[in-house]
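The values are calculated or read from the model by the stated rules, or taken from the named source; none is laboratory data. Just so it is clear, the model here is predicted, and its values are computed rather than measured. Cβ: placed from backbone, ideal geometry, glycine included. Neighbour counts: every protein chain shown.
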Amino acid sequence: MTLFTIGFTQKTAETFFETLKKAGVRRVVDIRLNNTSQLAGFTKRDDLIYFLKTIGGIKYLHVPELAPTRELLESIKKKKGKWEDYETGYTTLLTERKADESFLRKTLENGDCLLCSESTPEHCHRRIVAEKFQSATSNVEIVHL
């Protein structure tokens, strides 16, 4: 099973959609807190759903249970907090929301791609989700696009 991840910042629409198509992504799983913001550009929810279907025949699913809270985001972005504290807080949040391994196994499918805004996965919650899923499921390959 392959689970992809992607962030949209620092990518053009062409690069973003061509990357998804070439990788063989079947469904984008949006795990952003705010997926309707004007700052999201071509990944604003309703536009994204249209573009995914039209350009790549790709499905869309929003899973808010996997989005960080505003407070967590501010702790790392505005307050310049430590990544380790964010990661601990986010993992605790997933537990509180019952977004555990069982939830992930029921929600995620082969060919899914976790979407958020960060350009790279190192300091992004999509990596945490992907690794949590990988540890709960056998034979999962994570591919960061």
Residue selected from the stretch 50-106 under the condition touching a Ser or Thr at 6+ places or on another chain (Cβ under 8 Å) and in a loop (DSSP other than H, G, I, E, B), by the criterion farthest from C116 (Cα to Cα): G81
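I'd like the full set of residues that are touching a residue at least 24 places away in the same chain (Cβ under 8 Å) and either within 15 Å of E122 (Cα to Cα) or surrounded by fewer than 16 Cβ atoms within 10 Å (Cβ to Cβ) (or both), limited to the stretch 87-97. Full working, then the answer.
To start, the set of residues in the stretch 87-97 that are touching a residue at least 24 places away in the same chain (Cβ under 8 Å) comprises 87, 90-91, 93-94, 97.
Once the filter is applied, which keeps residues that are touching a residue at least 24 places away in the same chain (Cβ under 8 Å) and either within 15 Å of E122 (Cα to Cα) or surrounded by fewer than 16 Cβ atoms within 10 Å (Cβ to Cβ) (or both), the stretch 87-97 yields E87, Y90, T91, R97.
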Cross-chain or 6+ apart pairs with Cβ under 8 Å, the stretch 10-33 first and closer than 14 Å to K59 by Cα, then among the charged types (D, E, K, R) and in a helix (DSSP H, G or I): D30/R45
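If you scan the stretch 23-44, which residues turn out to be in a helix (DSSP H, G or I) and within 21 Å of R127 (Cα to Cα)? Walk me through it before giving the result.
Residues of the stretch 23-44 in a helix (DSSP H, G or I): 23, 38-43.
Those that are in a helix (DSSP H, G or I) and within 21 Å of R127 (Cα to Cα): A23, A40, T43.
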Residues satisfying the stated conditions in the stretch 85-103, i.e. modelled with pLDDT of 90 or more and touching a Phe, Trp or Tyr at 6+ places or on another chain (Cβ under 9 Å): L94, R97
Residue ID - farthest from V143 (Cα to Cα), chosen from residues in the stretch 5-19 that are outside any helix (DSSP H, G or I) and of a type outside the set (S, T, N, Q): K11
Of residues in the stretch 1-49 being basic (K, R) and touching a strand residue (DSSP E or B) at 6+ places or on another chain (Cβ under 6 Å), the one farthest from R70 (Cα to Cα): R27
Condition broken by K22, with the remaining ones in (1) at pLDDT 95 or above; (2) within 22 Å of K132 (Cα to Cα); (3) more than 14 Å from the chain's Cα centre (by Cα) satisfied: (2)
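What are the residues in the stretch 20-44 that are closer than 27 Å to S138 by Cβ, of a type outside the set (D, E) and either surrounded by 20 or more Cβ atoms within 10 Å (Cβ to Cβ) or in contact with a Lys or Arg (Cβ under 8 Å, 6 or more places away or on another chain) (or both), if any?
Matches in the stretch 20-44: L20, V25, R26, R27, V28, V29, I31.
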Tally, over the stretch 116-133, of residues that are outside any loop (DSSP other than H, G, I, E, B) and touching a Phe, Trp or Tyr at 6+ places or on another chain (Cβ under 7 Å): 2
